[in-house]
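The structure appears below as structure tokens.
The values are calculated or read from the model by the stated rules, or taken from the named source; none is laboratory data. On a predicted model such as this, the values are computed, not experimentally measured, just so you know. Glycine also receives a Cβ, built like all others from the backbone with ideal geometry; neighbour counts cover every protein chain displayed.
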Amino acid sequence: MRRPTPAADLAFAARELDAPTAWFGLVAYGLQLYYDFSGYSDMATGLARLFGFEFPRNFNAPYLAESITDFWRRWHISLGGFLRDYLYIPLGGNRRSPTRTAVNLLIVMVLGGLWHGAAWTFVAWGLWHGALLVAERWLGGRAWYEDLPRFLRVLATFVLVLLGWVFFRADSLAAAGDYFAALARFDGTGGAPVRLLGAELFALPHVLILVLGLALMWSRRRAHEWSGHLSRRRAVLCLLLLLLSLGLLSTQRPNPFLYFQF
């Protein structure tokens with residue numbers, strides 16, 4: 001059987017997209033990036049525990065964040081701490097004027113973008129998050145959607161983060177612009193190539209994995225807490241999951257961690 005192409009790769013490699021396929025591919029990429037990076041961070045933590053070391057947590061349910069400020073307390077915590085301690089605070093942090101604080105935030109986030117790669121797309125990604133952080137700082141540390149119900153706050157933050165991932169994934173600013181245009185293309189235009197892509201993108205394996213990924217992502221159960229207190233039943237379940245994972249790995253081609261390219 002032919003191995004299905006990852007949904008995110010299909011979407012971002014396409015020349016023509018409509019809004020449903022573009023959003024499907026973007027959500028798929030957001031999940032791919034999170035599970036790749038968070039997953040191998042958890043594996044490193046688990047391997048360290050086998051040798052008696054306790055590594056700090058590097059992710060804390062970032063897609064449950066209720067604002068961009070909250071997101072950066074939860075996503076890639078080690079990088080966030082480094083940027084805070086070695087860039088933001090030495091630049092003056094928030095100890096000076098509001099304007100200088102805004103400039104400091106923008107500088108830090110742009111440099112954080114360039115840390116991932118020397119490209120204008122990463123600069124744009126840093127500026128996007130920097131501008132959102134500045135806006136929340138000017139609102140007293142609150143998101144502009146603070147008064148919405150919690151689920152909608154989480155959803156709004158998730159969408160803002162996804163829009164930033166367009167810059168992160170696109171090969172150029174022009175490609176990012178095209179993808180943003182596709183995200184808003186709800187007019188039903190598009191010929192046979194768009195319909196064929198939609199049929200492949202919305203294949204049952206992609207849909208099932210996306211739904212499962214979203215369900216686990218928004219679950220209140222966290223792997224750290226769940227595995228930190230192992231009962232006999234949990235230990236057996238973990239062993240079965242390990243064997244299943246090894247079986248899946250043995251039938252697949254090598255698939256290096258996505259985040260290793262940054």
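Which of (1) charged (D, E, K, R); (2) touching a residue at least 60 places away in the same chain (Cβ under 8 Å); (3) surrounded by 15 or more Cβ atoms within 10 Å (Cβ to Cβ) is the odd one out, the single condition E146 does not satisfy?
Only one criterion in (1) charged (D, E, K, R); (2) touching a residue at least 60 places away in the same chain (Cβ under 8 Å); (3) surrounded by 15 or more Cβ atoms within 10 Å (Cβ to Cβ) is unmet by E146, namely (3).
Go through region 24-62 and report how many residues are under 21 Å from A170 (Cα atoms) and among the hydroxyl-bearing types (S, T, Y).
3
Look at S245 and say whether it is modelled with pLDDT of 75 or more, surrounded by 10 or more Cβ atoms within 10 Å (Cβ to Cβ) and among the polar types (S, T, N, Q).
Judged against the criteria, S245 is a match.
List the residue pairs whose Cβ atoms are under 7 Å apart, where the first residue sits in region 75-97 and is at negative phi and surrounded by fewer than 17 Cβ atoms within 10 Å (Cβ to Cβ), the second is in a loop (DSSP other than H, G, I, E, B) and of a type outside the set (A, V, I, L, M, F, W, C), and the two are 6 or more positions apart or on different chains.
Partner pairs satisfying both residue conditions: S78/N58.
Could you check, for region 119-129, whether at least one of its residues is within 22 Å of G25 (Cβ to Cβ), of a type in the set (S, T, N, Q), at pLDDT 95 or above and touching a Leu at 6+ places or on another chain (Cβ under 7 Å)? Steps first, answer last, please.
Of region 119-129, the ones within 22 Å of G25 (Cβ to Cβ) are 119-122, 124-125, 128-129.
Next, from what is left, pick out any that are of a type in the set (S, T, N, Q): 121.
Still in the running and at pLDDT 95 or above: 121.
Still in the running and touching a Leu at 6+ places or on another chain (Cβ under 7 Å): 121.
Yes, because at least one residue in region 119-129 is within 22 Å of G25 (Cβ to Cβ), of a type in the set (S, T, N, Q), at pLDDT 95 or above and touching a Leu at 6+ places or on another chain (Cβ under 7 Å).
Just to be sure I understand the filter: pairs with C-beta atoms under 7 Å, separated by 6 or more residues or on different chains, first member in region 22-36 and more than 20 Å from N60 (Cα to Cα), second member aromatic (F, W, Y). Which pairs pass?
Short answer, once both residue conditions are applied: A22/Y179; F24/F202; G25/F12; L26/W165.
Looking for whichever is at pLDDT 85 or above, surrounded by fewer than 10 Cβ atoms within 10 Å (Cβ to Cβ) and either within 23 Å of the chain's Cα centre (by Cα) or within 25 Å of S41 (Cβ to Cβ) (or both) here; the options are A181, A170, A176, A215. Which one fits?
A215
Name the residues in region 98-134 that are without any contact (Cβ under 8 Å) to a residue 60 or more places away in the chain and in a loop (DSSP other than H, G, I, E, B), would you?
Hits for region 98-134 are A118, A119.
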